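Undergrad: Okay, handing you the structure first.
Nothing in this text is a laboratory measurement; each read-out follows from the coordinates by a stated rule. As the structure is a prediction and not an experimental result, all values here were calculated from the model. FYI the Cβ positions are ideal-geometry reconstructions off the backbone, even for glycines, and counts take in every protein chain you see.
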Amino acid sequence: MILVIGYIAAVIDVAQFAPQLWRAMRRPFDRAAMRGLSLVTYAIATSQAILWVVYGFATSRLPIGIPNLFIAPSCGYIFFLAFHARRSDPPS
């Protein structure tokens, strides 16, 4: 039963990033939208997801490791788009 709860939590964990990822994928060149995202938040989210992948597989806790295999690149992609939107701004 506790394993089922872990997998339910994993689905919810992945789902929390899906709307932002979907929006970023639909509008990757919308600089205004991408600048509205927090670089710090997505840097932290990417880092924690990578660490959870390592921890989850090192300790055989698949409900932790597997969803973060999706979350880490998703957050990394959003971070990249937000970072790139700031770097491509013309000087004011």
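Undergrad: Of all residues in region 58-76 being within 13 Å of the chain's Cα centre (by Cα) and of a type in the set (Gly, Ala, Ser), which is surrounded by the most Cβ atoms within 10 Å (Cβ to Cβ)?
TA: Within region 58-76, the subset within 13 Å of the chain's Cα centre (by Cα) is 67-76.
Checking the rest, the ones that are also of a type in the set (Gly, Ala, Ser) come to 72, 74, 76.
Details: Ala72: 19, Ser74: 23, Gly76: 17.
Among residues in region 58-76 that are within 13 Å of the chain's Cα centre (by Cα) and of a type in the set (Gly, Ala, Ser), the one surrounded by the most Cβ atoms within 10 Å (Cβ to Cβ) is Ser74.
So that you can scan it fast, the table gives a plain yes or no per residue for (1) touching a Pro at 6+ places or on another chain (Cβ under 6 Å); (2) over 30 Å from Arg87 (Cβ atoms); (3) surrounded by fewer than 17 Cβ atoms within 10 Å (Cβ to Cβ):
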residue: Met1; (1), (2), (3): no, yes, yes
residue: Val4; (1), (2), (3): no, yes, yes
residue: Tyr42; (1), (2), (3): no, no, no
residue: Gly56; (1), (2), (3): no, yes, no
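Undergrad: Now for a different question. Quick one: how many residues across region 22-34 are loosely packed, with under 14 Cβ neighbours inside 10 Å and over 15 Å from Pro73 (Cα atoms)?
TA: Of the residues in region 22-34, the ones loosely packed, with under 14 Cβ neighbours inside 10 Å are 22, 25-27, 29, 32.
Checking which are over 15 Å from Pro73 (Cα atoms) leaves us with 26-27, 29, 32.
Final tally of qualifying residues: 4.
Undergrad: If I go through region 45-92 residue by residue, how many of them are of a type in the set (A, V, I, L, M, F, W, C) and under 20 Å from Met25 (Cα atoms)? Before you say what the answer is, go through the steps one by one.
TA: Residues of region 45-92 that are of a type in the set (A, V, I, L, M, F, W, C), as a first pass: 45, 49-54, 57-58, 62, 64, 66, 69-72, 75, 78-83, 85.
Subset that is under 20 Å from Met25 (Cα atoms): 45, 49, 69-72, 75, 78-83, 85.
Of the residues in region 45-92, 14 are of a type in the set (A, V, I, L, M, F, W, C) and under 20 Å from Met25 (Cα atoms).
Undergrad: Mind listing just one residue for me: the one in region 12-21 that is exposed (fewer than 11 other Cβ atoms within 10 Å of the Cβ) and hydrophobic (A, V, I, L, M, F, W, C) and, of those, nearest to Arg35 (Cα to Cα)?
TA: Across region 12-21, the extreme among qualifying residues is Ala15.
Undergrad: Right, next: Go through (1) surrounded by fewer than 17 Cβ atoms within 10 Å (Cβ to Cβ); (2) of a type in the set (A, V, I, L, M, F, W, C); (3) under 12 Å from the mean Cα position of the chain (by Cα) one by one and return the number of the condition Phe79 breaks.
TA: The single condition Phe79 does not satisfy is (1).
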